[in-house]
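Peer 1: The structure follows.
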Amino acid sequence: MPAAFKIAVEGAGEATCYEGERALVAMERAQSFGRLKNLPYKLPVGCRRGGCGICRARVLSGAYRKDLMSQAHISEEESEAGLVLSCSIYPLSDIELRIEPPQVASKTKTATTSEEK
Amino acid sequence: MAMTGVLRPGFAQIRVLDMEKALEHYTKRVGLHEVTRGGDGRVYLKAADEFDHHSLVLREADRAGIDVAGFKVASEADLDALEKRVSAFGYPVEHVPAGEQPGLGRRIGFTVCTGHRIELYAHADLSDPKPPTHNPDVWDVEPHGMRVRRFDHVLLLGPDIDKALDFFEKVLDFRCTERVDTPDGLTAVFLSCGMKAHDIAFVKFGEPAKLHHVSFELESWADIGHAADIITRYDISHDIGPTRHGLTQGRTIYFFDPSGNRNEVFTGDYTYYPDNPTRTWDETQIGKGLFYYERQAPESFLNVMT
């Protein structure tokens, strides 16, 4: 088994993330097993490849490696402030994060975005 | 049926975050062939069952999405006539010289009300691999990956799709094969310039210039299953399918490229004749229109785009 790290999702629960795994994928698995039971909405999951911006989150603590992400969704300044697309980070230690979905500018407003603000 | 004016979707130019990952995805997994690389870094790809020089252009950028949807027209005279009609509609027309994309003749380009750039051109060189023409085998180079046969269409998201419908019908002579009307107004339009169920589609969205997906055609429903096996085997991000659309009736599977652009591979839409009536959908059956078996769309299908 590869090394396992904990992802503490603020206000929601905890996911187990294996070395080399995308944080979002670990969170999807945790939600399907009922481990993010305090998350009041379905985990925002989109392209899982850094392009669509739906899985935006803020890393509060911990170390991670990251892939390229669309700068339409995470600018350099935001990246330095710990904002990430959770599909494109790979934890290197236990981490804590807060889900911060983008504001969707249309009628396709999701439960997620309305819960957030 | 005599075909003049706009013949078919010719190419899509899309943005990718990492060129090498994108190339591996589109050549080894989707099954396209690399034709050539341009001096500016753009890479030109084609499917083996297409004659024209290329049908997908990849441009490395800091964000995903679509730059241009290009359409091939029947002749240089048609290109000139269409330019006049586009200008008369009120869209400024830009001229792109021959060779700006290797293998293509001169193009005209303009931005439609949804924020998307559309280009038209009359000439494309041939390039390899292309379908054999004399005593033709079904293929020359053995199909690989998902075995896509050709680029099929793009679905774009943006505002003012009523006006986009008007433009494509009145100026480019497309026909509306299907439309979705909800209490919010016109929500989606499917447009054909030939005999396919769609050559381009628009869905209403608050932000301009967004890409929903780039689609490639497969030979059979069995090939959709093969594509699904490839998606899992190579850990490609999966969206929905194998399934079927009510709209167009196509069998389909959706997934994402390594930059998050949505791809579709599909087969088996109906044949459209220009005297066919428009098929219509309302809000009560929209789930079935989107996905005929699930009868609803996952949230990600409606709110995820590049």
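The values are calculated or read from the model by the stated rules, or taken from the named source; none is laboratory data. Only a predicted model underlies this, so the values are computations on that prediction, with no experimental measurement involved. Every residue, glycine among them, receives a Cβ derived from its backbone with ideal geometry; neighbour counts consider all protein chains shown.
Peer 1: Residue A:112: at pLDDT below 95, within 14 Å of chain B (Cβ to nearest Cβ) and under 22 Å from residue B:263 (Cβ atoms), yes or no?
Peer 2: So residue A:112 does not fit the description; no.
Peer 1: Has segment B:116-138 got any residue that is touching a Pro at 6+ places or on another chain (Cβ under 6 Å) and closer than 21 Å to residue B:200 by Cα?
Peer 2: no
Peer 1: Next question. Take the residues of segment B:284-306 that are hydroxyl-bearing (Ser, Thr, Tyr) and more than 13 Å from every other protein chain (Cβ to nearest Cβ): which is nearest to residue B:247 (Cα to Cα)?
Peer 2: That would be B:292.
Peer 1: Among the residues of segment B:84-104, is any part of a helix (DSSP H, G or I) and crowded, with 20+ Cβ neighbours inside 10 Å?
Peer 2: The answer is yes, given that some residue of segment B:84-104 is part of a helix (DSSP H, G or I) and crowded, with 20+ Cβ neighbours inside 10 Å.
Peer 1: Take the residues in segment B:231-261 that are assigned to a helix (DSSP H, G or I) and surrounded by fewer than 19 Cβ atoms within 10 Å (Cβ to Cβ), then tell me which one is nearest to the other protein chains (Cβ to nearest Cβ).
Peer 2: Top of the filtered list is B:232.
Peer 1: For residue B:148, are the conditions met, namely being touching a residue at least 12 places away in the same chain (Cβ under 8 Å), surrounded by fewer than 16 Cβ atoms within 10 Å (Cβ to Cβ) and not assigned by TED's automatic domain parsing to the domain that holds residue B:229?
Peer 2: Considered against the rule, which asks whether it is touching a residue at least 12 places away in the same chain (Cβ under 8 Å), surrounded by fewer than 16 Cβ atoms within 10 Å (Cβ to Cβ) and not assigned by TED's automatic domain parsing to the domain that holds residue B:229, residue B:148 comes out as no.
Peer 1: Under the condition of being within 16 Å of the chain's Cα centre (by Cα) and more than 23 Å from residue B:232 (Cβ to Cβ), which residue from segment B:14-48 is farthest from the other protein chains (Cβ to nearest Cβ)?
Peer 2: The residue in question is B:46.
Peer 1: Could you list all residues from segment B:10-63 that are assigned to a helix (DSSP H, G or I) and touching a helix residue (DSSP H, G or I) at 6+ places or on another chain (Cβ under 7 Å)?
Peer 2: Within segment B:10-63, just B:29 meets the criteria.
Peer 1: Have a look at B:204, B:288 and point out the one that is among the charged types (D, E, K, R) and either surrounded by fewer than 21 Cβ atoms within 10 Å (Cβ to Cβ) or in the same structural domain as residue B:57 (by TED's automatic domain parsing) (or both).
Peer 2: B:288
Peer 1: Could you count how many residues in segment A:35-54 are facing another protein chain (nearest Cβ under 8 Å) and closer than 15 Å to residue A:70 by Cα?
Peer 2: So the count comes out to 8.
Peer 1: Here's another thing I want to ask about it. Would you check if there is a residue in segment B:30-48 being within 19 Å of residue B:118 (Cα to Cα), small (Gly, Ala, Ser) and not assigned by TED's automatic domain parsing to the domain that holds residue B:170?
Peer 2: Within segment B:30-48 (the criterion being within 19 Å of residue B:118 (Cα to Cα), small (Gly, Ala, Ser) and not assigned by TED's automatic domain parsing to the domain that holds residue B:170), the answer is no, since none of the residues qualifies.
Peer 1: Same structure, new question: Considering each of A:46, A:53, A:11 in turn, give the residue that is farther than 18 Å from residue A:102 by Cβ and not in a strand (DSSP E or B).
Peer 2: On inspection, the qualifying residue turns out to be A:11.
Peer 1: Residues of segment A:52-83 being surrounded by 15 or more Cβ atoms within 10 Å (Cβ to Cβ) and among the aliphatic types (A, V, I, L, M), which ones?
Peer 2: A:54, A:57, A:59, A:68, A:69, A:72, A:74, A:83
Peer 1: Restricting the search to segment B:175-197, which residues are touching a Ser or Thr at 6+ places or on another chain (Cβ under 6 Å) and either assigned to a loop (DSSP other than H, G, I, E, B) or outside the structural domain of residue B:280 (by TED's automatic domain parsing) (or both)?
Peer 2: B:195, B:197
Peer 1: With the requirement that a residue be of a type outside the set (D, E, K, R) and either surrounded by 22 or more Cβ atoms within 10 Å (Cβ to Cβ) or at pLDDT below 95 (or both), what does segment B:220-230 give you?
Peer 2: B:224, B:227
Peer 1: Let me ask you something else. Could you tell me whether segment B:66-76 includes any residue that is within 14 Å of chain A (Cβ to nearest Cβ), in a loop (DSSP other than H, G, I, E, B) and not hydroxyl-bearing (Ser, Thr, Tyr)?
Peer 2: Looking through segment B:66-76, none of the residues is within 14 Å of chain A (Cβ to nearest Cβ), in a loop (DSSP other than H, G, I, E, B) and not hydroxyl-bearing (Ser, Thr, Tyr).
Peer 1: Can you find a residue that is modelled with pLDDT of 95 or more, more than 13 Å from every other protein chain (Cβ to nearest Cβ) and within 18 Å of residue B:62 (Cβ to Cβ) anywhere in segment A:9-22?
Peer 2: Checking segment A:9-22: not a single residue is modelled with pLDDT of 95 or more, more than 13 Å from every other protein chain (Cβ to nearest Cβ) and within 18 Å of residue B:62 (Cβ to Cβ).
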